[in-house]
Amino acid sequence: MATDTTAAQVETDTQALGPVVNFDKVVKRYGELTVLDELDFSVKPGERVTLIGPSGSGKTTILRLLMTLEKVTDGVIWVEGEPLSHMRDSGGELVPANEAYLRQMRKRIGMVFQQFNLFPNMNVLRNITEAPVHVLGLSKDEAAVRARELLELVGLSDKENAHPSKLSGGQQQRVAIARALAMRPDILLLDEVTSALDPELVADVQNVLRDIASSTDITMLIVTHEMHFARDVSQRVLMFDKGKIIEEGTPERLFSEPREERTQKFLRAVLEGR
Ligand SMILES: Nc1ncnc2c1ncn2[C@@H]1O[C@H](COP(=O)(O)OP(=O)(O)OP(=O)(O)O)[C@@H](O)[C@H]1O
């Protein structure tokens with residue numbers, strides 16, 4: 001795997017804190033298909049990492065495993081030093097995680113999907129307060145105060161009473177970002193969050209995410225084909241192919257001087273609009 005020293009430097013700066021996410025020989029198979037093949041990688045606290053690679057290379061699977069929407073076939077995923085894919089039994093051995101354990105661990109992680117997935121029958125404010133009230137146990141008032149701060153952050157203070165169907169795709173996605181942040185996750189997963197949007201709405205969503213990246217220390221894992229955006233928000237890019245990382249580096253280096261032929265081919269295809 002090709003790496004570069006600048007990316008290594010970013011890693012050593014935060015190394016003392018230990019990884020916030022660690023994939024340890026993670027295998028994910030669907031029947032005969034091996035999607036992730038003994039995958040090892042880790043992410044430092046506060047780091048922003050972009051995952052790129054051809055369709056089917058396993059990027060979304062990684063995010064879905066972190067959201068506990070999927071289970072590993074083999075290997076262990078660690079989050080903040082604790083197992084995510086497994087739990088410890090009374091003897092300290094790793095055993096498959098049960099639902100109650102997963103529910104606790106899941107609170108640390110927020111995800112924004114390509115399709116915004118808002119609750120259509122609830123107004124914007126309720127979309128954001130629902131999980132903090134029902135999952136974190138906040139009072140409705142506390143949750144509303146937090147939701148209004150977040151609506152300001154995403155530039156939608158005037159929309160708290162609107163229903164999702166009255167909003168543009170870009171506005172809906174900004175509500176989805178606020179909703180994810182309302183749970184105060186330590187890790188935010190972004191899965192092609194602008195690819196379902198009309199081109200003129202992309203910049204608003206990206207600007208909100210740039211602001212969040214520069215004003216918070218939240219750790220981010222980002223799947224995107226928008227190389228400018230990846231360059232703006234992330235410190236490290238991981239290039240996947242067939243369930244393995246084949247190259248990694250800073251966005252500046254990897255996008256301008258990709259070392260692996262498969263990375264060069266992929267970036268050319270993205271630039272040509274595939
Ligand atoms: N539930 C499932 N059952 C069977 N195969 C699946 C399932 N989910 C994903 N796959 C397969 O796993 C492979 C990896 O999918 P994944 O969505 O992680 O790739 P990706 O890199 O995110 O691709 P894209 O850029 O197209 O979103 C693909 O071949 C996909 O068809």
Cα convex hull volume per residue for segment 46-99 (Å³): 98
Candidates ARG64, ARG179, ARG236: whichever shows maximal mean-square fluctuation once the chain is modelled as a Gaussian network with Cα springs under 10 Å: ARG64
CD proxy at 222 nm, helix term only [per DSSP H run n ≥ 4: -39500 (n - 2.57); per residue of the chain; nearest 500]: -11500 deg cm²/dmol
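Grab the beta carbon distance between LYS71 and LYS244, set R0 = 30 Å, and tell me the FRET efficiency rounded to 0.05.
Details: r = 20 Å, r/R0 = 0.67.
FRET efficiency, LYS71 to LYS244: 0.90.
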Fully extended contour minus Cα-Cα distance, from GLU252 to GLU99, at 0.36 nm per residue: 51.0 nm
Anchor LYS44: lysines whose Cα lies under 27 Å away (excluding residues fewer than 8 positions away in-chain): LYS25, LYS28, LYS59, LYS71, LYS107, LYS242, LYS244
Approximate spin-label separation SER165-ASN121, in nm, with each point projected 7 Å along Cα-to-Cβ: 1.3
The chain - Debye-derived log10 I(q)/I(0), Cα point model, q = 0.07, 0.10, 0.14 Å⁻¹: -0.26, -0.53, -1.04
Potential extension, ARG88-ARG231 segment - 0.36 nm per residue separation minus Cα distance: 47.6 nm
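Exposure proxy check: GLU247, GLU99, GLU38 ranked by fewest other beta carbons within 10 Å?
GLU99, GLU38, GLU247
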Largest-first principal axis extents, alpha carbons of segment 118-263, Å: 53, 32, 28
ARG184/LEU33 FRET efficiency (R0 45 Å; Cβ-Cβ; nearest 0.05): 0.80
Global form of segment 118-183, assessed from the alpha-carbon gyration tensor, a/c cut-off 1.5: prolate
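The numbers here are math on the coordinates, done by the rules we state, and not lab data. Keep in mind it's a predicted model, so treat the numbers as computed, not measured. Virtual Cβ from ideal backbone geometry, glycine too; neighbours counted across all protein chains shown.
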